[in-house]
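All remarks here apply to the structure that follows.
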Amino acid sequence: MASQLLLPPKPFTKLASAKLFFTGDDSTLKRKSKHATRVSNVFSLRANAALRSNHSSSVEIPNQWYNIVADLSVKPPPPLHPKTFEPIKPEDLAHLFPNEIIKQEATLERFIDIPEEVLEIYKLWRPTPLIRAKRLEKLLQTPARIYFKYEGGSPAGSHKPNSAVPQAYYNAKEGVKNLVTETGAGQWGSSLAFASSLFGLNCEVWQVANSYHQKPYRRLMMQTWGAKVHPSPSDLTEAGRRILQVDPSSPGSLGIAISEAVEVAARNEDTKYCLGSVLNHVLLHQTVIGEECIKQMEAFDETPDVIIGCTGGGSNFAGLSFPYIREKLKGKINPVIRAVEPSACPSLTKGVYAYDFGDTAGLTPLMKMHTLGHDFIPDPIHSGGLRYHGMAPLISHVYEQGFMEAISIPQNECFQGAIQFARTEGIIPAPEPTHAIAATIREALRCKETGEAKVILMAMCGHGHFDLSSYDKYLRGEMVDLSFSEERIRESLSKVPHVV
């Protein structure tokens, strides 16, 4: 039976094209031109081609982002100044971020309006499809119903433009000329390069060295959109030079790359820093995912029993889960919400909940989060976007409050699940969401044993077209499960600042 792509039959935009929907069985497509819908690329073509005709409700791009802090009875601990250990003030962040981003970072408002200029760009790929993985269900012989919210249809191929576009917009609006950032696998760097090109901004990216060499096409993608890209650690910054003196062949980490980008932003008045995960405003922007998904699930009379997403810094996971946690807090639903992280970098499941730096050099504010220690350098696993020493403070706080759970899975099991997914659903996933796929398969197989027909909702944050070297290693049998070293973590945690 064909996979069922769940999108409403009503058009999302007024841009003209033909409407496609199914009549009869899943193999019979008939063209109707009564309504218009836009097909922006090959991924959204697949989504728009599989519309169901037996629902009349529509899902449009949300016009507001959702801020979960407004609904938490226990507010998260504030970030602290790295020298005084006092709560950070807006002026302390002015050298890094534009004013609107600083406001969003600290806001207690429940909803933030999405600027019209940002919405117009979102229309290039949003709304994104909610897809039922019927072929995967059949392969697993599970009574569970598996759905995934697919973010791979954006220009950069992942969820990251959801935040890159508004960050570039707010910087351009305040007259900023240059943006600097870090990237792991390259999804965030390519997203910011794309967004910068739309607003006429210069973009400079420090990419984790392991991914820089492992994923050359991500680098070329960034350069195509006009960005300058450096491997991190580099000899261009003091932070990078210190690392290279100790280890000239360092694989790098997101923490190191953040240090380099922050250092450059801090010493140049015409330059601001952008971050692709971890901070509150980034998670805020990503909630467009969950807000869409709630409406899509409602349109098809489904309520998730289990919600699963991968976590590195946590942006995609928060984007899908935070709106659902809101509904859970209201008592409307009660899904299990499960984060999945790599066994080689398990900040939620093995880290400590403490104030720590967001970067390796100690240039950022101190944030209360689950951390493995700010100078912990994870082994060079293939999920470059998940190689971060800490978890987003908001996700850490929600985890501490008991609203979600977390597990870790080794990369061989993840790629095994990715192959099953690709060979049934047709999409080759990025290495990062393979963790969510592996956890989803585990849950579906448990349903097979118990006979439970659970509804499983999975965050599918991007495609893996630029990660085929990782698949090559797996298919050749050369992929090794890398695990964290207890001794290394103890050493790293010993350097976490002591905040009373």
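Do we have Glu269 as farther than 28 Å from Tyr471 by Cα and either among the basic types (Lys, Arg) or assigned to a loop (DSSP other than H, G, I, E, B) (or both) here? Considered against the rule, which asks whether it is farther than 28 Å from Tyr471 by Cα and either among the basic types (Lys, Arg) or assigned to a loop (DSSP other than H, G, I, E, B) (or both), Glu269 comes out as yes.
Within the stretch 323-364, the only residue that satisfies the criterion of being closer than 21 Å to Val262 by Cβ, open to solvent by 20 Å² or more (accessible area, probe 1.4 Å), outside any loop (DSSP other than H, G, I, E, B) and of a type in the set (Ser, Thr, Tyr) is Tyr355.
Would you check if Ser396 is open to solvent by less than 10 Å² (accessible area, probe 1.4 Å), hydroxyl-bearing (Ser, Thr, Tyr) and touching a strand residue (DSSP E or B) at 6+ places or on another chain (Cβ under 7 Å)? Walk me through how you get there before you give the answer.
Working: open to solvent by less than 10 Å² (accessible area, probe 1.4 Å): yes; hydroxyl-bearing (Ser, Thr, Tyr): yes; touching a strand residue (DSSP E or B) at 6+ places or on another chain (Cβ under 7 Å): yes.
Against the criterion (open to solvent by less than 10 Å² (accessible area, probe 1.4 Å), hydroxyl-bearing (Ser, Thr, Tyr) and touching a strand residue (DSSP E or B) at 6+ places or on another chain (Cβ under 7 Å)), Ser396 qualifies.
Do you know which residues across the stretch 56-114 are part of a strand (DSSP E or B) and open to solvent by 50 Å² or more (accessible area, probe 1.4 Å)? Within the stretch 56-114, Gln64, Pro87, Phe111, Asp113 meet the criteria.
Would you say Gly252 is more than 25 Å from Gly319 (Cβ to Cβ), in contact (Cβ under 8 Å) with a residue 40 or more places away in the chain and either in contact with a helix residue (DSSP H, G or I) (Cβ under 9 Å, 6 or more places away or on another chain) or in a helix (DSSP H, G or I) (or both)? Walk me through how you get there before you give the answer.
Numbers: more than 25 Å from Gly319 (Cβ to Cβ): yes; in contact (Cβ under 8 Å) with a residue 40 or more places away in the chain: yes; either in contact with a helix residue (DSSP H, G or I) (Cβ under 9 Å, 6 or more places away or on another chain) or in a helix (DSSP H, G or I) (or both): yes.
Considered against the rule, which asks whether it is more than 25 Å from Gly319 (Cβ to Cβ), in contact (Cβ under 8 Å) with a residue 40 or more places away in the chain and either in contact with a helix residue (DSSP H, G or I) (Cβ under 9 Å, 6 or more places away or on another chain) or in a helix (DSSP H, G or I) (or both), Gly252 comes out as yes.
Inside the stretch 161-243, counting only helices (runs of 4 or more DSSP H) that do not spill past its ends, which hold 3 or more residues that are open to solvent by less than 10 Å² (accessible area, probe 1.4 Å)? Working first, answer last.
Working: elements: 161-173, 187-198, 209-214, 216-224.
By residue number, 161-173, 187-198.
Condition check ((1) open to solvent by 10 Å² or more (accessible area, probe 1.4 Å); (2) modelled with pLDDT of 95 or more; (3) of a type in the set (A, V, I, L, M)) across all residues:
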residue	(1), (2), (3)
Leu119	yes, yes, yes
Trp125	yes, yes, no
Thr128	no, yes, no
Glu137	yes, yes, no
Gln141	yes, yes, no
Ala144	no, yes, yes
Phe148	no, yes, no
Glu151	no, yes, no
Ala156	no, yes, yes
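Summed over the stretch 446-498, the residues that are open to solvent by 40 Å² or more (accessible area, probe 1.4 Å), farther than 30 Å from Pro161 by Cα and not in a loop (DSSP other than H, G, I, E, B) give a count of 11. Residues of the stretch 387-403 that are outside any helix (DSSP H, G or I) and touching a helix residue (DSSP H, G or I) at 6+ places or on another chain (Cβ under 8 Å): Arg387, Tyr388, His389, Gly390, Met391, Ala392, Phe403.
For Ser277, state whether it is among the hydroxyl-bearing types (Ser, Thr, Tyr), closer than 24 Å to Ser259 by Cα, in contact with a Phe, Trp or Tyr (Cβ under 8 Å, 6 or more places away or on another chain) and without any contact (Cβ under 8 Å) to a residue 60 or more places away in the chain. No; evaluated as a whole, the condition is false for this residue.
Filtering the stretch 279-308 to residues that are open to solvent by less than 10 Å² (accessible area, probe 1.4 Å) and of a type in the set (Ser, Thr, Tyr) leaves only Thr287.
Pairs are defined by a Cβ separation below 6 Å, a sequence spacing of at least 6 or placement on different chains, a first member in the stretch 330-344 that is charged (D, E, K, R), and a second member that is not in a loop (DSSP other than H, G, I, E, B); the pairs so defined are Arg338/Ile308; Arg338/Glu405; Glu341/Leu348; Glu341/Ser408. Screening Ser485, Ser470 for residues that are polar (S, T, N, Q), closer than 24 Å to Leu372 by Cβ and modelled with pLDDT under 85 leaves exactly one candidate, Ser485. I'd like the full set of residues that are touching a Leu at 6+ places or on another chain (Cβ under 7 Å) and open to solvent by 30 Å² or more (accessible area, probe 1.4 Å), limited to the stretch 402-433. Across the stretch 402-433, the qualifying residue is only Gln420. Summed over the stretch 278-311, residues that are more than 22 Å from Glu405 (Cβ to Cβ) and acidic (Asp, Glu) total 4.
Filtering the stretch 211-236 to residues that are out of contact with any strand residue (DSSP E or B) (no Cβ under 8 Å at 6 or more places or on another chain), over 19 Å from Tyr388 (Cβ atoms) and at pLDDT 95 or above leaves Leu220, Met221, Thr224, Asp235. Here Thr183 fulfils each of the conditions (1) of a type in the set (Ser, Thr, Tyr); (2) free of Cβ contacts under 8 Å to residues at least 60 places away in the same chain; (3) under 19 Å from Leu96 (Cα atoms) apart from (2).
The values are calculated or read from the model by the stated rules, or taken from the named source; none is laboratory data. Computed from a prediction, not measured in an experiment: that's the story for all the values here. Don't worry about glycine lacking a Cβ; one is built from the backbone with ideal geometry, like all the others, and counts go over all protein chains shown. When the accessible area is computed, the model is the full protein with side chains, heavy atoms only, and any ligands, DNA or RNA have been set aside. Shrake-Rupley method; radii C 1.70, N 1.55, O 1.52, S 1.80 Å.
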